[in-house]
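The values are calculated or read from the model by the stated rules, or taken from the named source; none is laboratory data. The structure displayed is predicted, hence computed values, not measured ones. Quick note on the areas: whole protein, heavy atoms, side chains included, nothing else; ligands and nucleic acids left out. Shrake-Rupley method; radii C 1.70, N 1.55, O 1.52, S 1.80 Å.
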Amino acid sequence: MAAKTESSEQSSHSQPHQASPFHEYLYTFNVLPRTYIRGLIHDTSNAFDTTFGPILEPHTNLFKMGNSVINFSGADIVINDKVYKGTADFPLTPEGDINAGSKRIRYVSDPLDDQDCGTKAYTAKYMQHVDRRIDMRKQLNWEMSDMNKRVESKISDIESLVRRILEDLEEQKLSIQNIIHAFDKTIKTIDVIA
């Protein structure tokens with residue numbers, strides 16, 4: 001059977017209430033191997049390599065890779081007396097939050113889901129994208145402002161032109177009225193003479 005961790009080495013995660021024998025078995029391991037074992041046993045999508053990767057032999061309850069037995073020592077994996085260092089699980093606060101003890105969390109993947117944590121590189125890349133969009137928006141705002149100024153200038157020019165045309169039309173109207181008035185006088189004079 002796979003090596004079990006001592007109770008003092010067990011994860012700070014609390015065991016589930018009314019644990020099944022399977023859960024009790026899982027909680028004899030540190031969180032890292034426990035997570036792996038749970039995934040290996042419940043794998044329905046063939047995400048785990050059972051041809052060349054670790055497998056659980058049901059008749060012996062041993063985890064094996066090829067002919068080698070896999071043992072767990074805390075967060076470490078031991079195969080043929082070679083220790084592969086695991087990552088110790090982080091203690092949880094009473095609220096259930098992870099407490100990294102002011103240490104860095106390293107070698108993590110970029111986030112995939114909305115609630116995933118972001119890495120420094122991912123955040124920097126995202127911020128570059130945001131900065132580019134902000135720069136583009138500033139440029140667009142400047143261009144729109146410049147265009148608005150030019151449009152306002154053109155509108156002002158058109159308003160001035162329309163005012164001049166209306167003034168010219170008013171002058172022409174007065175001229176035409178004066179011509180009509182003079183013509184009426186001429187006709188009345190002709191009528192008086194005739």
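The condition (being β-branched (Val, Ile, Thr), at pLDDT below 80 and open to solvent by less than 60 Å² (accessible area, probe 1.4 Å)) is satisfied by just one residue among ILE79, ILE37, ILE41: ILE37. When THR87 is tested against the conditions (1) of a type in the set (Val, Ile, Thr); (2) open to solvent by less than 60 Å² (accessible area, probe 1.4 Å); (3) modelled with pLDDT under 65, the lone failure is (2).
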